[in-house]
Amino acid sequence: MELNLIIAENLNRLRLERNLSLGKLAELSGVSKVMLSQIEKGETNPTINTIWKIAKGLNVPYTLLIDKHELAPILVMKSEVNMQTSEDGTYRIFCYYPNNGKRNFEMFLIELDVGASYTCVGHSEKSEEYLTVLEGELLLEVNGDSYILKNEDSICFSSAFEHTYTNKGITLLKALIINLYAL
């Protein structure tokens, strides 16, 4: 693939990921809106300095604009995931995808024994938790409210506050949790 087409694809993807209009990126980078449009369409081959200005405006490394972006599948086997447990061992958590420079979320599988409870002290400000019960029955207490979730029920809430999970069912509780962190 030609370099100008790689840059076009990367620029468009990075700009849209940040919800930036061409006009706003022009302000941030010092590269005209017309030039940015031409680059995104693959109609021009930008100079090195232009690429540096765009990278600075997007707050990304230079190479993120010129390297071919490939999303290789990331396979995570449960047997490879480290298990963490509560002090009493009744709550287990498996982190499948940690927060890193490429993602602003974490994805966990939790297991909670029958009748057991676990209280989380809360996460960072502006964080959200997306929880889906896979098996069992969950009582979720957050911010003074209580919610009962059964198989395949889901809830989203601000996870900046303390929240408590209680297994109210008669079998092991399994749930999928995604913690999303504001950029």
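The values are calculated or read from the model by the stated rules, or taken from the named source; none is laboratory data. Remember, it's a predicted structure, so these values are computed and weren't measured experimentally. Note that each Cβ is placed from the backbone with ideal geometry, even for glycine, and that neighbours are counted across all protein chains shown. The accessibility values were calculated without ligands, DNA or RNA, using every heavy atom of the protein model including side chains. Shrake-Rupley method; radii C 1.70, N 1.55, O 1.52, S 1.80 Å.
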*Any chance you could count how many residues in region 90-124 are more than 10 Å from the chain's Cα centre (by Cα), of a type outside the set (A, V, I, L, M) and within 13 Å of V76 (Cα to Cα)?*
4
*region 73-112: number of residues that are over 23 Å from A182 (Cα atoms), open to solvent by 30 Å² or more (accessible area, probe 1.4 Å) and either charged (D, E, K, R) or assigned to a strand (DSSP E or B) (or both)*: 8
*For region 34-52, does any single residue satisfy the condition of being within 21 Å of the chain's Cα centre (by Cα) and closer than 26 Å to R18 by Cβ?*
no
*Of everything in region 12-34 that's outside any helix (DSSP H, G or I) and of a type outside the set (S, T, Y), which residue is surrounded by the fewest Cβ atoms within 10 Å (Cβ to Cβ)?*
N19
*All but one of (1) open to solvent by 90 Å² or more (accessible area, probe 1.4 Å); (2) in a helix (DSSP H, G or I) hold for E70; which doesn't?*
(2)
*asked:* Cβ contacts < 8 Å: first residue without any contact (Cβ under 8 Å) to a residue 40 or more places away in the chain, restricted to region 103-132; second residue open to solvent by 40 Å² or more (accessible area, probe 1.4 Å) and part of a strand (DSSP E or B), any location; separation 6+ or different chain. Result?
replied: R103/Y97
*asked:* When the residues of region 127-183 are narrowed to those that are under 22 Å from the mean Cα position of the chain (by Cα) and of a type in the set (D, E, K, R), which ends up most open to solvent (accessible area, probe 1.4 Å)?
replied: E152
*Which of the residues that make up region 166-183 are modelled with pLDDT of 95 or more, in contact with a Ser or Thr (Cβ under 8 Å, 6 or more places away or on another chain) and not β-branched (V, I, T)?*
N167, A175, L176
*Do any residues in region 63-92 that are farther than 30 Å from T164 by Cβ and in contact (Cβ under 8 Å) with a residue 12 or more places away in the chain have Cβ atoms under 8 Å from those of residues that are open to solvent by 100 Å² or more (accessible area, probe 1.4 Å) and aliphatic (A, V, I, L, M), where the two are at least six apart or on different chains, and which pairs are they?*
K68/M1
